[in-house]
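Below is one structure, written out as structure tokens; comments come after it.
Derivation of every value follows stated rules applied to the coordinates shown; laboratory data play no part. Small disclaimer: the values here were computed from a predicted structure and weren't measured. Don't worry about glycine lacking a Cβ; one is built from the backbone with ideal geometry, like all the others, and counts go over all protein chains shown.
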Amino acid sequence: MSTQRAARLGDQIREELSNLMRQELKDPRIGFVSIVKVEVAGDLRHAKVFASVLGDEKQKKDSLKGLISAAGFLRNELGKVLQLRYTPELHFVLDESIEHGTKIAQLLVQVQKEQSKSE
């Protein structure tokens, strides 16, 4: 499978997972979760799903546990919607890039304030 096709499939899976999570999942452990990116393996057997969760560490862990327990249901629903010959196994991973970006932005603001004080 080509890299472009795997990337397109990853985008389709990301969109459908977002819809399914919003409409179908009722697990109270799953908080405010956004699917940031999906990387599909070349053989279509596995997909790494990067999920961003707003909240503290406990909420993140609980949301990840909820997503992991719903992986079979989500995989089944994806297979129906996307009509794939083989629906990849979903492996959920916490994506903390948004938080890292926020921390960096805060540090930059702090540095700018310190520089303006020293001038």
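Each residue of region 20-25 is assigned a 3J(HN,Hα), and the resulting list reads 4, 5, 6, 9, 10, 7 Hz, derived from the Karplus form 6.51 cos²θ - 1.76 cosθ + 1.60 (θ = phi - 60°), x at Gly and Pro. Shown for I13, I35: other C-beta atoms within 10 Å of each C-beta, ranked fewest to most, produce the order I35, I13.
Taking other Cβ within 10 Å of each residue's Cβ, how do S18, S52 sort, fewest first?
Values: S18 13, S52 18.
Ranked by crowding around the Cβ, least crowded first: S18, S52.
When you restrict to C-alpha pairs under 8 Å that are six or more residues apart and normalise by the size of the chain, the relative contact order lands at 25 percent.
Which of these, K48, K61, K26, has the largest mean-square fluctuation under a Gaussian network model of the chain (Cα springs below 10 Å)? Per the Cα network of the chain with a 10 Å cutoff, K26 tops the list.
Please return the longest stretch of the chain lacking exposed loop sites, where chymotrypsin sites (Phe, Trp or Tyr not before Pro) count only if DSSP places them in a loop and at most 13 other Cβ atoms lie within 10 Å.
Numbers: sites that count: F32, Y86.
Here the longest segment lacking exposed loop sites spans 33-85.
Per-residue ellipticity at 222 nm from helix content only, as computed over the chain with -39500 (n - 2.57) for each DSSP H run of at least four residues, stands at -19000 deg cm²/dmol.
The C-alpha atoms of the chain define a longest principal axis, and helix 71-82 lies at about 70 degrees to it.
How would you rank I68, I30, going from fewest to most other Cβ atoms within 10 Å of each one's own Cβ? Walk me through the intermediate numbers first.
Working: I68 12, I30 20.
Listing I68, I30 from fewest to most nearby Cβ atoms yields I68, I30.
With a Förster radius of 41 Å applied to the beta-carbon distance between Q83 and K103, the computed FRET efficiency rounds to 0.50.
At a Cα cut-off below 28 Å, give the lysines reachable from K80, other chains included and same-chain residues fewer than 8 away excluded. Of all the lysines, those that pass the test against K80 - Cα under 28 Å, at least 8 places apart if same chain - are K26, K37, K48, K65.
Between the entries (1) 16.9; (2) 15.8; (3) 14.5, the label attached to Kirkwood radius over Cα pairs in Å calculated for this structure is (2).
The long axis of helix 57-69 is offset from the longest Cα principal axis of the chain by roughly 10 degrees. Against the longest alpha carbon principal axis of the chain, how many degrees, from 0 to 90 and to the nearest 10, is the axis of helix 97-118 turned? In the chain, helix 97-118 runs at an angle near 10 degrees to the longest axis.
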